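What follows is calculated from the coordinates using simple rules that are stated; it is not laboratory data. Remember, it's a predicted structure, so these values are computed and weren't measured experimentally. In this analysis, Cβ positions are derived from the backbone assuming ideal geometry, glycine residues included, and neighbour counts consider all displayed protein chains.
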Amino acid sequence: MNRSTHDRIVELIIPLVRTESERSGLLSSAFSDHPALIDRVNLSGSPSAFAAHLLQTLLDYGEVEPDVPAVWRLLEQMRARVGQDKQ
């Protein structure tokens, strides 16, 4: 993933992860079938630090099922949480 794409995804994540409760909810919704992945994510830190940490963790994890990257699963869950104007 190039730096521009990485930074854009981090910027998309930030508004959805302002609190630890929001972070936990997003992870549970996206990865309830992958508790080991959820356990890898540290919920603390600023929204921007958390978003960068989350993205790197998902990239390191790889696929949550064949041909479905963990990052893609997160983006799908995020899409379901935002308005039409943000999609």
Classify the chain from the C-alpha gyration tensor, please: rounded if a/c falls under 1.5, else prolate or oblate depending on whether a/b exceeds b/c. rounded
Relative contact order for the chain using alpha-carbon pairs under 8 Å, separation at least 6, rounded to a whole percent? 28 percent
Summing Lys, Arg as +1 and Asp, Glu as -1, what charge do residues with Cβ under 15 Å from the Cβ of Ser44 carry, Ser44 excluded? 0
Helical mean residue ellipticity (222 nm; -39500 (n - 2.57) per DSSP H run of 4+; nearest 500) of the chain: -19000 deg cm²/dmol
Rounded to the nearest 20 debye, what is the charge dipole size of the chain about its Cα centre when +1 sits on each Lys and Arg Cβ and -1 on each Asp and Glu Cβ? 300 debye
